[in-house]
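Here's the structure, in structure tokens; my notes come after.
Every number here is computed from the coordinates shown, using simple stated rules; none is lab data. No experiment lies behind these values; they were computed from the predicted model shown. Positions of Cβ are backbone-derived with ideal geometry, glycine not excepted, and every protein chain shown enters the neighbour counts.
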Amino acid sequence: MEGDCLSCMKYLMFLFNFFIFLGGACLLGVGIWVIVDPTGFREIVAANPLLFTGAYIMLAMGAMLFLLGFLGCCGAIRENKCLLLF
């Protein structure tokens, strides 16, 4: 019974970290899209230059969540305490 509970917690932790990983990938993708797309967002960003800074912040947050989610997934599957604490 105790082993089943620990196994369930291991996979729930993996699932939670996987959702963080996906969220980081989405933020990273949208941030890159806003910065790279020459026509789509130029009119919006030209009206308020602060939005362009927001795109870089979104890019940085997406990269951080992407990395933390990936390391959390690896740590949950391998049961590595160091990766999970990071």
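Simple spin-label estimate for MET64 and CYS8 gives 3.4 nm between the two label positions (7 Å along the Cα-to-Cβ direction from each Cα). When +1 charges are put on Lys and Arg Cβ atoms and -1 charges on Asp and Glu Cβ atoms, the dipole computed for the chain relative to its Cα centre reaches about 140 debye. What's the long-distance tail for the chain, i.e. % of Cα pairs beyond 15 Å? Result: 63 percent of Cα pairs exceed 15 Å. Only DSSP H runs of four or more residues enter the estimate; each adds -39500 (n - 2.57), and after division by the residues of the chain the mean residue ellipticity at 222 nm equals -29500 deg cm²/dmol. Which FRET efficiency value, to the nearest 0.05, do you get for CYS82 and PHE19 by plugging their Cβ-Cβ distance into 1/(1 + (r/R0)^6) with R0 = 22 Å? Efficiency for this residue pair is about 0.50. Mean separation of Cα pairs under 8 Å and 6 or more residues apart, divided by the residue count, gives the chain a relative contact order of 42 percent.
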